[in-house]
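Written below as structure tokens is the structure these notes are about.
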Amino acid sequence: MFNSFGNILRLTSFGESHGKGIGGVIDGFPAGITIDMDFVQSELDRRRPGQSRITTSRKESDKVEFLSGIFEGKSTGCPIGFIVWNENQHSNDYNNLKEVYRPSHADYTYNVKYGIRDHRGGGRSSARETISRVVAGALAKLALKQLGIRITAYTSQVGPIKLEENYTAYDLDLIDTNPVRCPDPEKAKEMEELIFKIKGEGDTIGGVVTCVIKGCPIGLGQPVYGKLQSALAAGMLSINAAKAFEYGEGFKGLKMKGSEGRRASRRQCHPPHRDLQHLHRVRNPPRASRPRGGRHPCTQGGIYYGNQKKDRPCRR
């Protein structure tokens, strides 16, 4: 079982839903980054269960404990180890499922592949595994912030209820003002009511999360198998229940002619991205050297070339 993601910055996660805890080890994190513990915890608090009527009723404090790689408030360049201890697991609630495979879960496939499965909440296939991603993502945000890179995500659709406008039409500061994490307060109320209604029927409903990356440096990505969009897709589709991924105009591009989506290319003479320490070299090239016009996503040959990047993973 492979549990690592990333090359330059790599996260290896561990733990099960009803084990002692969920944690991870981050390799490749640059030294000298100021670690804002309150920010990291606030990111965990955003995903913490039991916050509203539309989430799981499991109650967890989800307090992160760092084990290594941080000294006097700064990263040392060594592996950063961390753990979040489980506190409210009720494993006996799952005893009646010990010999039963739940539909739309990984019970059967895990058992067939590994010859053993953890029936207590799904084990490694539980969404509680995303704790490790949140901690690693929060640390990555702190490093990227120093380079002027900002990553924002919000709920843009739940079932048939969706935001009709581009993200630029909304105040993204409103995302955390409602439990749905939607920047449109009115749509957020509709989404919340729909989720609550479906939950009351003992069912679930899908949705779409839109992610916006601002300040992304030119040169990220590799041709062929290391394309930026393929790396983003791999990360997004490895999240539990993620069923689809699109970037830029996504599937809307099927309705466009090539001339409608074309970008005018201009020669660029900037060094390729190599690691986090070199991002500043390609962050702000002269404006005249950037491609302009058109509606293509912001990559050519799998390499990012400018503008803001938008991705949309779809969850079920």
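Looking at Phe251, is it under 30 Å from Gln157 (Cα atoms), modelled with pLDDT of 50 or more and out of contact with any Pro (no Cβ under 7 Å at 6 or more places or on another chain)? It is true that Phe251 is under 30 Å from Gln157 (Cα atoms), modelled with pLDDT of 50 or more and out of contact with any Pro (no Cβ under 7 Å at 6 or more places or on another chain). Cβ-Cβ contacts under 6 Å between residues 6 or more apart (or on different chains), taken from a first residue in segment 73-97 that is closer than 18 Å to Gly19 by Cα to a second residue that is β-branched (Val, Ile, Thr) and assigned to a helix (DSSP H, G or I), are listed as Phe82/Val135; Val84/Ile131. Of all the criteria given as (1) assigned to a loop (DSSP other than H, G, I, E, B); (2) surrounded by fewer than 14 Cβ atoms within 10 Å (Cβ to Cβ), the one not satisfied by Asp118 is (2). Restricting Ser125, Ser132 to residues that are of a type outside the set (Lys, Arg), over 17 Å from Thr34 (Cβ atoms) and crowded, with 19+ Cβ neighbours inside 10 Å narrows the list to Ser132. For beta carbons closer than 8 Å, sequence separation of 6+ or different chains, a first residue in segment 44-72 that is under 16 Å from Gly137 (Cβ atoms) and at pLDDT 95 or above and a second that is surrounded by fewer than 16 Cβ atoms within 10 Å (Cβ to Cβ) and of a type in the set (Lys, Arg), the qualifying pairs are Leu44/Lys63. Filtering segment 4-26 to residues that are surrounded by fewer than 16 Cβ atoms within 10 Å (Cβ to Cβ) and touching a Leu at 6+ places or on another chain (Cβ under 9 Å) leaves Ser4, Ile8. Going by the conditions given, is Pro313 in a strand (DSSP E or B) and either modelled with pLDDT of 75 or more or touching an Asp or Glu at 6+ places or on another chain (Cβ under 9 Å) (or both)? In short, yes.
Cβ-Cβ distances below 6 Å connect the following pairs, each with a first residue in segment 218-242 that is surrounded by fewer than 14 Cβ atoms within 10 Å (Cβ to Cβ), a second residue that is outside any helix (DSSP H, G or I), and a separation of six or more residues or different chains: Pro223/Gly301; Pro223/Gly302; Leu237/Phe245; Ala241/Arg315; Ala241/Arg316.
The values are calculated or read from the model by the stated rules, or taken from the named source; none is laboratory data. The model shown is predicted, which means the values in this text are computed figures rather than measured ones. Positions of Cβ are generated from backbone atoms using ideal geometry, with glycine treated the same way; all protein chains shown enter the neighbour counts.
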